[in-house]
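Worksheet: the structure to be examined is printed underneath.
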Amino acid sequence: MVKNNQRGITLIALTITIIVLLILAGITVYTGNDSVKKANLEGLKTNMLLIQTKARAYVENASFDLGVNPENATDEMRAKAQSELNGEDKGTIVNASDSLVSTLLEIGIRQEDINNGNVYKLTTENLEKMGIKDVESDEKSGCYIIVYNIPDTTAEIYHTIGYDGKHSLTEIEKIEL
């Protein structure tokens, strides 16, 4: 007599197991990608907020130098206010002839702001001197840009690469994942 007492897995059970594992793997990959996107967005937002905090201090000092009524400020007061924005940790003014200008115009920075000397490019070294470590600011990783408005005491932060077609901190703060 032959015993028919074979134990093992059937082809159907194996197929079902593989399908379940593939579904679980797909869910895991989707969730992982979503988590990476959120982390990238939050990292960019955090860096931009840190830069904005520093930039606000600079622009508040500059605004103070203009006096109570900025329209009546003397040329000397305006020069002193502008000098508050200059320094080794504060970036460099973007001139109308810089190669970066076309990119800045594409991301929403106004030509008028560039012409008036309100636009500053930050390098990685500038960020380090501001106390923001391990953050790159270059053409490959994207440049951080500050647009100052001294009379209104504001500073808008931009990133040339941005996130999902958004480049200014104001736009990026509105993104929800």
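The values are calculated or read from the model by the stated rules, or taken from the named source; none is laboratory data. Keep in mind that what you see is a predicted model, and the values were worked out from it rather than measured. Heads up, the Cβs are rebuilt from the backbone with ideal geometry, glycines too, and the neighbour counts pull from every protein chain shown.
Miscellaneous remarks
- Selection count, segment 41-62, where residues are over 19 Å from residue 160 (Cα atoms) and touching a helix residue (DSSP H, G or I) at 6+ places or on another chain (Cβ under 7 Å): 1
- Of all residues in segment 86-100, those satisfying the criterion of being of a type outside the set (Ser, Thr, Tyr) and farther than 22 Å from residue 52 by Cβ are 95, 96, 98.
- Pair list, Cβ < 7 Å and 6+ apart or interchain, from segment 74-85 residues that are within 16 Å of residue 55 (Cα to Cα) to residues that are of a type in the set (Phe, Trp, Tyr) and surrounded by 15 or more Cβ atoms within 10 Å (Cβ to Cβ): 84/58; 85/58; 85/120; 85/148
- Within segment 144-161, the set of residues being farther than 22 Å from residue 84 by Cβ and either among the hydrophobic types (A, V, I, L, M, F, W, C) or at pLDDT below 95 (or both) comprises just one member, 161.
- Just one of the listed residues (140, 121) is of a type in the set (D, E, K, R) and either at pLDDT below 95 or in contact with a helix residue (DSSP H, G or I) (Cβ under 6 Å, 6 or more places away or on another chain) (or both), namely 140.
- No other residue among 95, 126 is farther than 19 Å from residue 166 by Cα, in a helix (DSSP H, G or I) and either modelled with pLDDT of 95 or more or not aromatic (Phe, Trp, Tyr) (or both) apart from 126.
- Any hit, segment 102-120, residues being buried (at least 18 other Cβ atoms within 10 Å of the Cβ), in a strand (DSSP E or B) and either β-branched (Val, Ile, Thr) or under 13 Å from the mean Cα position of the chain (by Cα) (or both): yes
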